[in-house]
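The values are calculated or read from the model by the stated rules, or taken from the named source; none is laboratory data. What you see is a predicted model, and the numbers here were worked out from it, not measured in a lab. FYI the Cβ positions are ideal-geometry reconstructions off the backbone, even for glycines, and counts take in every protein chain you see.
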Amino acid sequence: MKKQMVGVTLIVASLLAVSYLLFPEFLFELGRKASWHSAGLENKAVLVDTDSIAYLEGGAGETVLLLHGYTANKDSWVYFAKWLTPVYHVVIPDLPGFGDSTKSLDENYSIDSQVERLDRFAQVLQLKEFHIAGNAMGGAVAAVYAARFSQKIPTLALLTTSGVGTAKKSEFFLKLEKGVNLLLVGSRADFERALEFSYAKSPGMPGAFKNLMVAQCKADRKFNEKIGQDLLKERLTLEPLLPRIQAPALIIWGDHDRMTDISSVPILEKGLKKHQTVIMKDTGHVPMMEKPEETATVYMKFLKNWRSM
C-alpha cells in the first residue's frame with residue numbers, strides 16, 4: 001500500500017511538472033481560480049452604464065469594498081480577503097481600465113472619474129452602505145469617495161495611499177518627474193524592478209509564471225501609460241478633502257514603502273477627524289499582499305472596534 005501511494009505521488013508530481021512545462025497558462029489560471037475558491041470568493045461581472053466591471057464577491061455580513069492600486073487588479077486582495085469572508089460580505093472590483101473590466105482609450109480614468117463609476121457600480125449592486133478600503137491609487141479613490149458620499153461609508157481604510165500632495169516625494173515619484181514610470185513593464189528586468197519597489201522582500205515565483213505576468217504587463221503597458229497620464233493631469237491632492245471625511249479611518253503603512261513616502265502619514269492624521277495608524281515593519285507598498293494575514297488581522301480589529309473611536 002505504501003509503495004502504491006509513493007507511485008501515485010510520483011505520477012501526480014510528474015504530471016504537474018509536465019503541465020508546468022507545456023501548459024503554464026493553464027496551471028496559472030487554475031491556481032488563480034483556486035485562490036478565489038479558497039478565499040470564499042466568486043468571480044462575477046456586471047454591466048454598469050457602458051462598462052463591464054469584473055469583481056470578486058463572497059461572504060455574508062456587513063459589506064467591505066476593497067480597491068486595488070494603479071497597474072494592479074482585484075487579485076491584489078484575494079489572500080487578504082480570505083480572512084474577511086467568514087465574517088463579512090466582501091466585494092473586490094477591477095476598477096474600469098484594469099484587470100478584466102472594460103478598457104477604453106477614449107475614456108478618462110482620473111480619480112474623480114473612477115469615484116463616479118464606483119458609485120454607479122455600488123448602485124447597480126444595491127450596496128447602500130459599506131466599509132471601504134483602498135491601496136495606493138485605490139486609497140485615493142476610497143478617500144475621495146468617503147468625502148463625497150459620507151452617508152454611505154461607516155469606515156475608511158487607507159493602505160499606503162497615494163494623493164497626499166504635500167508629503168515628501170518618494171523614490172518612485174522622483175523618477176516619475178524625470179519621465180521614468182517604474183510600474184510600466186516592457187521586459188523581465190522591468191518586472192523585477194517593479195517588484196523590488198513594491199515589496200520589502202520580493203516574492204518568490206516560478207519562472208514560467210513570472211514570464212506570463214511579464215507578458216500581461218507588456219500587453220497592458222500602453223493602457224497603463226494612458227491612465228498614468230490621466231492621473232498626472234488631474235493633480236488631485238487629498239489634503240483639502242480630508243476634513244470632509246466623517247468616517248473613522250485606519251491608516252496602514254509599510255515602513256519600507258518606496259512608492260508613497262511614509263511622511264504622508266502625519267499629514268493624513270492631521271486632516272482626518274478620527275483615525276488609527278499602524279506602521280507595519282519590514283513591509284513595502286502592498287501590505288495586503290506581502291503580509292495578508294497580519295494586515296487582515298489589523299483591519300478586522302479596527303472594524304470590530306470602530307464605533308468606540
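At-a-glance table
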item	result
Subset of segment 58-71 that is buried (at least 19 other Cβ atoms within 10 Å of the Cβ) and not hydroxyl-bearing (Ser, Thr, Tyr) - its residue that is nearest to Val144 (Cα to Cα)	Leu67
Residue match in segment 65-74 (condition: part of a helix (DSSP H, G or I), hydrophobic (A, V, I, L, M, F, W, C) and touching a residue at least 40 places away in the same chain (Cβ under 8 Å))	no
Subset of segment 260-279 (residues that are under 17 Å from Ala296 (Cα atoms) and surrounded by 15 or more Cβ atoms within 10 Å (Cβ to Cβ))	Gln276, Thr277, Val278
Segment 133-143 - residue that is of a type in the set (Gly, Ala, Ser) and assigned to a helix (DSSP H, G or I) and, of those, nearest to Asp119 (Cα to Cα)	Ala142
Given (1) at pLDDT 95 or above; (2) touching a Phe, Trp or Tyr at 6+ places or on another chain (Cβ under 9 Å), number of the condition Arg244 does not satisfy	(2)
Segment 144-164, residues that are in a loop (DSSP other than H, G, I, E, B), of a type in the set (A, V, I, L, M, F, W, C) and closer than 15 Å to Leu250 by Cα	Ile153
Tally of residues being under 23 Å from Gly139 (Cα atoms) and either modelled with pLDDT of 95 or more or assigned to a helix (DSSP H, G or I) (or both) across segment 171-190	7
Residue match in segment 237-259 (condition: touching a strand residue (DSSP E or B) at 6+ places or on another chain (Cβ under 6 Å) and surrounded by fewer than 16 Cβ atoms within 10 Å (Cβ to Cβ))	yes
Number of positions in segment 158-210 that are among the aliphatic types (A, V, I, L, M), closer than 13 Å to Asp257 by Cβ and out of contact with any strand residue (DSSP E or B) (no Cβ under 8 Å at 6 or more places or on another chain)	2
Filtered residue count, segment 75-125, keeping only those that are hydrophobic (A, V, I, L, M, F, W, C), surrounded by fewer than 18 Cβ atoms within 10 Å (Cβ to Cβ) and in a helix (DSSP H, G or I)	1
Long-range neighbours under 6 Å by Cβ, at least six apart or interchain, first residue in contact (Cβ under 8 Å) with a residue 60 or more places away in the chain within segment 38-53, second assigned to a strand (DSSP E or B) and surrounded by fewer than 18 Cβ atoms within 10 Å (Cβ to Cβ)	Ile53/Val46
